[in-house]
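Working notes, beginning with the structure itself.
The values are calculated or read from the model by the stated rules, or taken from the named source; none is laboratory data. No experiment lies behind these values; they were computed from the predicted model shown. Methodologically, a virtual Cβ is constructed for each residue, glycine included, from the backbone with ideal geometry; neighbour enumeration extends over all protein chains shown.
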Amino acid sequence: MVRWFKIRGRDLPWRRTRNPYAILVSEFMLQQTQVATVIPYYDRWLTRFPDLVALAGAPGPEVLQGRAGPGYEGGGAVMCAEAAVVGGARVA
């Protein structure tokens, strides 16, 4: 399996990082749509919100707008809440 993956595995941005936040973002996005569709949204998200501190500090509407896309809107609210919990803020 490892040999097969080295030969045929796809080069995906979340496989090139060991950053837990970037991997978490990919997991949220990949639950809702196909890999090829996720890549540009993933790249834009990490440019706009590069870490949990940036995400936790962003206004809710900006986060939801950043998640606008094929089936992502609900995930934006979840990610915002998770960032607030990790960042120590209280979630209403």
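The requirement of being without any contact (Cβ under 8 Å) to a residue 40 or more places away in the chain and more than 23 Å from GLN65 (Cβ to Cβ) is not satisfied by ASP43. Listed by position, the helices (runs of 4 or more DSSP H) enclosed by the stretch 20-78 that each have at least 1 residues that are within 29 Å of GLY9 (Cα to Cα) and at pLDDT 90 or above are 20-30, 35-48.
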